[in-house]
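Participant: Have a look at the structure that comes next, please.
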Amino acid sequence: MTQSGLHAINANTIMNELYQRQIVLPFVGPNGQDKINNAKILIIGAGGLGVPASIYLTSSGVGTIGIVDFDKIEISNLPRQILFTEQDIGLLKSETLAKRLRLINPKSKISAYQKYIDATNIESILTEYDIILDCTDNIKTKILIHDNCYKLRKILIQGGIDQLEGEIKLFNFSLSTDQPCLRCLWFESAELLTADSCFLAGVLPPTAGVFGTLLANETLKVILGIKHLNNGENFIFNLHSLETKILRWKKNKNCPLCSAQFNHEAENDFEISHHQISELSKYILIDLRTSVITASEILEDKKYLLVCEQGLQSKKICKIFRGEGYLNTWSLKGGYKCLTLIK
């Protein structure tokens, strides 16, 4: 027997011994373990949900995992984000978590993205992965992730926690987009503006551990092709009362994302040329060369035209606004010199 053949046997033996407790399950087996080993999972948010979810996905043998987080470790993170220690305070969460996960499973490919995810970079990051775990605690970020998963036909699993309660939603856009999406439920809801993060509302540490683990479990069920949550279902678990429930919602025929009549080309066509503008007075003109506008200043009943020197900065900022749901903003193609051409 060749040395390479012996190495293959040893590798298979080690693999079987490492994962024997899950391979013996009738819905896993060797084929199921291969699916887990070949899976590509992106975890957005290396916090209370992202850390425990990443631990169990890595230890289960997921072959490729990406960690997205721009934040640094603080002392208040330690009770929930259990792979971090006091010696890690001040270090980047994504890179520190990636290093710890590589120790758990050296065979897994772990990548760290030390950046704040926004409309300018989200597509390039999501493209490399099959299943996206949203472990963030910001509603607008969740909407941004959801909308881009819809656009790229990704599988999205969202988690959220609050005090002693948590929830999980799953959207499998890889199979069909003719199912309820998050926009069907949340579009233009006051909930988008008032939802608190766990920083404001508080959370008991085991709640984060339970729901991070449930996110990992739901992800493995998707990989293995066994029964899991469906689009339009919200699993809620109250750890105080120990009550569970699944809330369901229907597809909204007026949804701005998934309804048949919604013009997605118009939504993404935010860069307009001077000859497309009949009357400049219909817009609130924002000259980015001399002024700054924030999302909080945008009014729903107005139209905004962003202008910069060459049209590059205005396009970038407008894309961010659009990604956060502000579809009443446009960027003038060509920049300020084209503004004078509008009649």
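Participant: Checking the structure you have, find out if any residue of region 95-105 is outside any helix (DSSP H, G or I), under 20 Å from the mean Cα position of the chain (by Cα), at pLDDT 95 or above and farther than 26 Å from residue 317 by Cα. Break it down into steps so the answer makes sense when it comes.
Facilitator: Initially, region 95-105 is screened for residues outside any helix (DSSP H, G or I), giving 105.
Next, from what is left, pick out any that are under 20 Å from the mean Cα position of the chain (by Cα): none.
For region 95-105, residues outside any helix (DSSP H, G or I), under 20 Å from the mean Cα position of the chain (by Cα), at pLDDT 95 or above and farther than 26 Å from residue 317 by Cα: absent.
Participant: Out of (1) in a loop (DSSP other than H, G, I, E, B); (2) open to solvent by less than 10 Å² (accessible area, probe 1.4 Å); (3) aliphatic (A, V, I, L, M), the odd one out for residue 133 is which?
Facilitator: Among (1) in a loop (DSSP other than H, G, I, E, B); (2) open to solvent by less than 10 Å² (accessible area, probe 1.4 Å); (3) aliphatic (A, V, I, L, M), residue 133 violates only (1).
Participant: Another question, then. Taking the condition on the phi < 0 side of the Ramachandran plot, at pLDDT below 95 and under 18 Å from the mean Cα position of the chain (by Cα), does residue 195 pass? I'd like the intermediate steps shown before the answer.
Facilitator: Working: on the phi < 0 side of the Ramachandran plot: yes; at pLDDT below 95: yes; under 18 Å from the mean Cα position of the chain (by Cα): yes.
In short, yes.
Participant: What residue, among those in region 277-330 that are closer than 24 Å to residue 123 by Cα and of a type in the set (D, E, K, R), is least open to solvent (accessible area, probe 1.4 Å)?
Facilitator: Filtering first and then ranking leaves 322.
Participant: Considering only region 205-249, state which residues are buried (at least 19 other Cβ atoms within 10 Å of the Cβ), assigned to a helix (DSSP H, G or I) and of a type in the set (A, V, I, L, M, F, W, C).
Facilitator: 208, 211, 214, 215, 216, 220, 222, 223, 224
Participant: What are the residues in region 44-86 that are of a type in the set (A, V, I, L, M) and farther than 17 Å from residue 210 by Cβ, if any?
Facilitator: Once the filter is applied, which keeps residues that are of a type in the set (A, V, I, L, M) and farther than 17 Å from residue 210 by Cβ, region 44-86 yields 44, 46, 62, 65, 67, 68, 73, 75, 78.
Participant: Now, a different point. Being open to solvent by 10 Å² or more (accessible area, probe 1.4 Å) and in a loop (DSSP other than H, G, I, E, B), is that true of even one residue in region 152-160?
Facilitator: Among the residues of region 152-160, at least one is open to solvent by 10 Å² or more (accessible area, probe 1.4 Å) and in a loop (DSSP other than H, G, I, E, B), which makes the answer yes.
Participant: Can you tell me which residues in region 70-93 are touching a helix residue (DSSP H, G or I) at 6+ places or on another chain (Cβ under 9 Å) and either under 16 Å from residue 158 (Cα atoms) or among the aliphatic types (A, V, I, L, M) (or both)?
Facilitator: Answer for region 70-93, where residues must be touching a helix residue (DSSP H, G or I) at 6+ places or on another chain (Cβ under 9 Å) and either under 16 Å from residue 158 (Cα atoms) or among the aliphatic types (A, V, I, L, M) (or both): 73, 75, 78, 82, 83, 89.
Participant: On to the next question. Can you tell me which residues in region 59-80 are open to solvent by less than 40 Å² (accessible area, probe 1.4 Å) and in a helix (DSSP H, G or I)?
Facilitator: Hits for region 59-80 are 60, 77.
Participant: Cβ-Cβ distance below 6 Å, separation of 6 or more or different chains: which pairs start in region 297-311 with a residue that is touching a residue at least 40 places away in the same chain (Cβ under 8 Å) and end on one that is part of a loop (DSSP other than H, G, I, E, B) and surrounded by 11 or more Cβ atoms within 10 Å (Cβ to Cβ)?
Facilitator: Pairs found: 311/333; 311/334; 311/335.
Participant: When region 23-58 is examined, which residues are found to be open to solvent by 50 Å² or more (accessible area, probe 1.4 Å) and in a helix (DSSP H, G or I)? Break it down stepwise before answering.
Facilitator: Filtering region 23-58 for residues open to solvent by 50 Å² or more (accessible area, probe 1.4 Å) gives 24-27, 30-31, 34-35, 38, 40, 56.
30, 31, 34, 35, 38, 56, listed by residue number.
Participant: Determine the pairs where a residue that is farther than 22 Å from residue 207 by Cβ, located within region 79-98, has a partner that is open to solvent by 60 Å² or more (accessible area, probe 1.4 Å) and among the aliphatic types (A, V, I, L, M) with Cβ atoms under 6 Å apart, the partner being 6 or more residues away or on another chain.
Facilitator: Going by the 6 Å Cβ cut-off, the qualifying pairs are 89/75.
Participant: Out of 115, 93, 107, 99, I need the residue that is in contact with a Phe, Trp or Tyr (Cβ under 9 Å, 6 or more places away or on another chain) and open to solvent by 50 Å² or more (accessible area, probe 1.4 Å). Which one?
Facilitator: 115
Participant: What's the number of the condition residue 113 fails, among (1) touching a His at 6+ places or on another chain (Cβ under 9 Å); (2) at pLDDT 95 or above?
Facilitator: Every condition holds for residue 113 apart from (1).
Participant: So, one more: Among what's in region 331-342 and is of a type in the set (A, V, I, L, M) and open to solvent by 20 Å² or more (accessible area, probe 1.4 Å), pick the residue that is nearest to the chain's Cα centre (by Cα).
Facilitator: Checking each candidate, the answer is 339.
Participant: Another question about this same structure. State which residue pairs qualify: first residue touching a residue at least 12 places away in the same chain (Cβ under 8 Å) and on the phi < 0 side of the Ramachandran plot and inside region 110-131, second residue of a type in the set (Asp, Glu) and open to solvent by 30 Å² or more (accessible area, probe 1.4 Å) in any location, beta carbons under 6 Å apart, and separation of 6 or more residues or different chains.
Facilitator: Close Cβ pairs (under 6 Å, with a partner that is of a type in the set (Asp, Glu) and open to solvent by 30 Å² or more (accessible area, probe 1.4 Å)) amount to 112/95.
The values are calculated or read from the model by the stated rules, or taken from the named source; none is laboratory data. Please read these numbers as outputs of a predicted model, since none were measured by experiment. Cβ coordinates were reconstructed from backbone atoms using ideal geometry, including for glycine residues, and neighbour counts include every protein chain displayed. Just the protein is used for accessible areas: all its heavy atoms, side chains included, with ligands, DNA and RNA removed. Shrake-Rupley method; radii C 1.70, N 1.55, O 1.52, S 1.80 Å.
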